[in-house]
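The values are calculated or read from the model by the stated rules, or taken from the named source; none is laboratory data. The structure displayed is predicted, hence computed values, not measured ones. Here Cβ is always computed from backbone atoms with ideal geometry, including for glycine, and neighbour counts include all displayed protein chains. Note: areas computed on protein heavy atoms with side chains; ligands, DNA, RNA excluded. Shrake-Rupley method; radii C 1.70, N 1.55, O 1.52, S 1.80 Å.
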2 protein chains.
Amino acid sequence: MTVPSQSIQKKDKHNYVECDDCSMNSVCRPLSTVKQSINLSDSFLHKRITTKANHILFNQSTPLTNIYAVSSGAFKLLLQTDDSTENIIGLRFPGELIGEDALFLKTYNYTAIAIGDSSVCKVSVEQMTSCGQLIPEIQKNLIELLSRQNYVRQKNFQAYIGKKSADSLLAAFLLNIIERNASYTGSDNSIELPINRNNIANFLGLRRETLSRVFSKFQKEQLIQVEGRKIKLIAQENLIKIADL
Amino acid sequence: MTVPSQSIQKKDKHNYVECDDCSMNSVCRPLSTVKQSINLSDSFLHKRITTKANHILFNQSTPLTNIYAVSSGAFKLLLQTDDSTENIIGLRFPGELIGEDALFLKTYNYTAIAIGDSSVCKVSVEQMTSCGQLIPEIQKNLIELLSRQNYVRQKNFQAYIGKKSADSLLAAFLLNIIERNASYTGSDNSIELPINRNNIANFLGLRRETLSRVFSKFQKEQLIQVEGRKIKLIAQENLIKIADL
DNA sequence: ATTTAAATTTGACATAGATCAAGTTTGAAC
DNA sequence: GTTCAAACTTGATCTATGTCAAATTTAAAT
């Protein structure tokens, strides 16, 4: 599949997703209507905010207040362990949700930090819930949203569980990252990685030296083309085989 | 925490969960009410069925028809790859859901097979959805259910992502399995594993020989007590450290 | 109880990845 | 542009896990 390279406009050199392409849209849109019609004082139902690099969206183990949908940039999700090492357990890109897994226990399960300058839509859980009880459409859309998220999580889990070789892990990672970003980068075979090798290695459970060697090997074997953080897939089919997907 | 060993009744030598402890209860219960009041001809909304060992609940890539909640026994979820090797990507125990991640694309994402003789509650998605539109309570409960499932999936992902050492993988696995079964086995430190070493190794991405050695090592180091498939945790705190949870 | 196949464990060796060390490249600050 | 620190790569060894082989245990069938 080829995608016209200029078909998608970018803003501020970030990848950017419009409301139409946001996964939270189905919840946001009815909420906006309510907001306008009921005119809820100065409180807000949802609001787009911009964040600088390294901005902390929320901290692990704090009470759930908002759910976020990434509009532009990227976020890393990490666990704070006692040994102060950064333990990345996930990445989120435009169109994806952050914090929705806290709806159950009402407590955030990880810390979310902006990787570069980014923007997110912020939806108050309290207000979303109270509105939802009045508006069946919101309920229905929330179900759709949560179902979809379960699907995404299942796929994500499948992609990494039972894999241990550095080759298969990196192949799975690259394919996953590129697929998740394809709709707004306009490319299904290339990406500028939002995180450094250290972070990728940490996420995959590899050492940075090992990861570096695999990158070099993949390039030498003409599977990918590497230019710093810019990655282009050359032999996608082979990578899929290596990833065992 | 100590749990009275005889506090939970078992049926047919299987671990068994009553409707009260079933994760689908919040959806099932209102559905039953509807069923009784509307008296929907011969169709059913939910129904408990028993399955023999190796019974296939559904096949990967087939259209979603039902969602299941395990009542007793255990199920393995697997991917069918071309090379005919069994690729276990998950296990499900009493109280847990199977197939709910297919709600999004309406197609099952894996094959689900009973490990031993088991029983499940079967809920028709079509009927659940159509009833849900009439009954707000079902909508609300479904949201709760899906939120919870997202939470469980997040925890599961966190437990294994970025882990590669055989020690940490096995420790994470044992703690996870025992915790998920604690409420109805009545023990938070022991279990009879529902699957063999081969399957565990496959799930964790290890070789059976390696897994066997780690089992032996954990026993020698007094971390666990092993008797075939019966496992008892001796030094739970140490295992948590090894698992890096 | 006996037989048999399957599951599990253990040993010996090979290899992928970790570790340690040293270089090279990149990119931000001046 | 120059300087400097951080990021990344490469090389040399070491170690954990994979691989191959064989022994032992377990469990099912008779």
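Here are the numbers for this structure:
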item	result
Residue that is nearest to the other protein chains (Cβ to nearest Cβ), among those in segment B:80-112 that are surrounded by fewer than 18 Cβ atoms within 10 Å (Cβ to Cβ) and under 24 Å from B:Tyr151 (Cα atoms)	B:Leu105
Where B:Glu137 falls short, out of the listed (1) buried (at least 20 other Cβ atoms within 10 Å of the Cβ); (2) more than 16 Å from DNA strand C (Cβ to nearest atom); (3) farther than 22 Å from B:Ser212 by Cα	(1)
Residues (within 8 Å of DNA strand C (Cβ to nearest atom) and within 14 Å of chain A (Cβ to nearest Cβ)) located in segment B:211-221	B:Leu211
Failed condition for A:Ser147, given (1) free of Cβ contacts under 8 Å to residues at least 60 places away in the same chain; (2) closer than 30 Å to A:Arg213 by Cα; (3) outside any loop (DSSP other than H, G, I, E, B)	(2)
Residue that is farthest from B:Gly162 (Cα to Cα), among those in segment A:165-221 that are outside any helix (DSSP H, G or I) and open to solvent by less than 10 Å² (accessible area, probe 1.4 Å)	A:Gly186
Filter result (more than 14 Å from chain A (Cβ to nearest Cβ) and either assigned to a helix (DSSP H, G or I) or within 14 Å of DNA strand D (Cβ to nearest atom) (or both)) within segment B:222-242	B:Gln225, B:Val226, B:Glu227, B:Gly228, B:Arg229, B:Lys230, B:Ile231, B:Gln236, B:Asn238, B:Leu239
Members of segment B:65-76 that are touching a residue at least 60 places away in the same chain (Cβ under 8 Å) and in contact with a Leu (Cβ under 7 Å, 6 or more places away or on another chain)	B:Ile67, B:Ala74, B:Lys76
Residue in segment B:150-162 that is modelled with pLDDT of 85 or more, within 15 Å of DNA strand D (Cβ to nearest atom) and closer than 18 Å to B:Ile88 by Cβ present	yes
Selected residue (criterion: nearest to the chain's Cα centre (by Cα)) from residues of segment A:162-174 that are within 7 Å of chain B (Cβ to nearest Cβ) and within 13 Å of DNA strand C (Cβ to nearest atom)	A:Lys163
Filtered residue count, segment A:152-164, keeping only those that are assigned to a loop (DSSP other than H, G, I, E, B) and open to solvent by less than 30 Å² (accessible area, probe 1.4 Å)	2
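For every residue, the table says whether it meets (1) farther than 30 Å from A:Tyr110 by Cβ; (2) among the charged types (D, E, K, R); (3) within 10 Å of another protein chain (Cβ to nearest Cβ).
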{"site": "B:Met128", "(1), (2), (3)": "yes, no, no"}
{"site": "B:Glu137", "(1), (2), (3)": "yes, yes, no"}
{"site": "B:Tyr160", "(1), (2), (3)": "no, no, yes"}
{"site": "B:Asn176", "(1), (2), (3)": "no, no, no"}
{"site": "B:Gly186", "(1), (2), (3)": "yes, no, no"}
